[in-house]
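*Asks:* Have a look at this one before I ask anything.
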């Protein structure tokens, strides 16, 4: 995938260009419907499939006090788009100056710089100064600017619309399995594996700590997870996400105990894939009580992964 970050310097792209525009936080199942359409049409026409997005998220610039914690890091978003098969990703630097571009002005810039033949967006996507642009405005320029525009309705699962905000809420409530269902893949926290204070090893359950890079962290608790170190097979594990109240800690950390392998991973980049919420984090009256609880957590994680394939390619 080609990553472009300068809207004023777009190299020639193989025509026809089929594109979509949006923020795509989480790249959930609803987003993937649109992306698959773009990818398939690009392949059918022998052209270029492209995604146009904004970095940072517009609300981080315009209303930082109310901006959402993002489900993914920019790097995670890029990686998933590349794995899906998008050929070109244009990340437009979003500034206050750019926010003053009218919706019509943005459409004309898009047409001049990328020369799209087909544009697909979600029906609720808005763009341009004051969020004045929508699918109707895009379609009003079809004949003049030589493209076709189409909107996708919201995907519904279980009678409810799939949205990034809904997934955020589920994650923060600890409803991991429902969030995973709407995302279409496990939730991922990424970072570098670091040494902890050694308490896990003392308890008989050696752990690796992760320096968290994600903005959004799920509800504090214990989870069945898999560790991705870039190998063909993920490593099953159990993770505690939280402040470790039994030991009087206050900073949020992720501690992962691998059920197999993973002993020499310090200093490596890792992704922790969250599959299932096992229990809330809580303070234990004694270390023995904590050890007993961890033993049960390990049993629960082993049971969860008993019939789950951990082939890495299945989750990207």
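Computed from the coordinates by the stated procedures, all read-outs in this text should not be read as laboratory data. Just so it is clear, the model here is predicted, and its values are computed rather than measured. Because the Cβ atoms are built from the backbone with ideal geometry, glycine has one as well, and the counts that use them run over all protein chains shown.
*Asks:* When the helices in the chain are scored as -39500 (n - 2.57) per DSSP H run of 4 or longer and the sum is shared across all residues, what 222 nm value do you end up with, to the nearest 500 deg cm²/dmol?
*Replies:* So the helix-based figure for the chain works out to -9000 deg cm²/dmol.
*Asks:* Something else: Enter the angle in degrees (range 0 to 90, nearest 10) between the Cα long axis of helix 74-84 and the first principal axis of the Cα atoms of the chain, meaning the one along which they spread out most.
*Replies:* Helix 74-84 sits roughly 70 degrees off the main axis of the chain.
*Asks:* Relative contact order of region 186-315, please, whole-number percent, based on alpha carbon pairs below 8 angstrom and at least 6 residues apart. Each step should come with its number before you reach the end.
*Replies:* Details: 266 pairs, mean separation 41.5, N = 130.
Normalised by residue count, the contact order of region 186-315 is 32 percent.
*Asks:* Over all distinct alpha-carbon pairs, what is the Kirkwood Rh of the chain in angstrom?
*Replies:* 21.3
*Asks:* Can you classify region 2-160 as rounded, prolate or oblate using the Cα gyration tensor, where a ≥ b ≥ c are the square roots of its eigenvalues, rounded means a/c under 1.5, and otherwise it's prolate if a/b beats b/c and oblate if not?
*Replies:* Since a/c stays below 1.5, the shape of region 2-160 is classed as rounded.
*Asks:* Could you sort 30-37, 208-215 so that the peptide with the highest average Cβ count within 10 Å comes first and the rest follow in order? List each step's numbers first, then the result.
*Replies:* Numbers: 30-37: 20.1, 208-215: 18.0.
In descending order of packing, they fall as 30-37, 208-215.
*Asks:* Students often check this: by mean Cβ neighbours within 10 Å, which of 302-315, 49-62 ranks highest, and how do the rest follow? Spell out each step's value before the answer.
*Replies:* Working: 302-315: 12.7, 49-62: 19.4.
Ranked by mean Cβ neighbours within 10 Å, highest first: 49-62, 302-315.
*Asks:* I've got another one for you. How far, in degrees from 0 to 90, does helix 103-114 lean away from the longest principal axis of the Cα atoms of the chain, to the nearest 10?
*Replies:* 90
*Asks:* Listed highest first by mean packing, meaning other Cβ atoms within 10 Å per residue, what order do 235-242, 77-84 come in?
*Replies:* Numbers: 235-242: 23.5, 77-84: 18.4.
By packing density, highest mean first, the sequence is 235-242, 77-84.
*Asks:* Here's a follow-up. When only Cα pairs under 8 Å and 6 or more residues apart are kept, what is the percent relative contact order across the chain?
*Replies:* It rounds to 16 percent for the chain.
*Asks:* Express as a percent, rounded to the nearest 5, the fraction of DSSP beta bridges in the chain (both residues included) that run antiparallel.
*Replies:* Here the antiparallel bridges make up roughly 60 percent for the chain.
*Asks:* Further question on the same structure: Could you give the length gained on full extension between residue 266 and residue 75, defined as 0.36 nm per residue of separation minus the Cα-Cα distance, in nm?
*Replies:* Here the answer is 66.7 nm.
*Asks:* Still on this structure, please answer the following. With an 8 Å cut-off on Cα pairs and a minimum separation of 6 or more residues, tell me the relative contact order of region 2-160 in percent.
*Replies:* Relative contact order for region 2-160 comes out at 28 percent.
*Asks:* Would you kindly state how much longer the chain becomes between residue 143 and residue 29 on full extension, computed as 0.36 nm times their sequence separation minus their alpha carbon distance, in nm to one decimal?
*Replies:* Details: separation 114, 0.36 × 114 = 41.04 nm, distance 3.13 nm.
My answer for the length gained is 37.9 nm.
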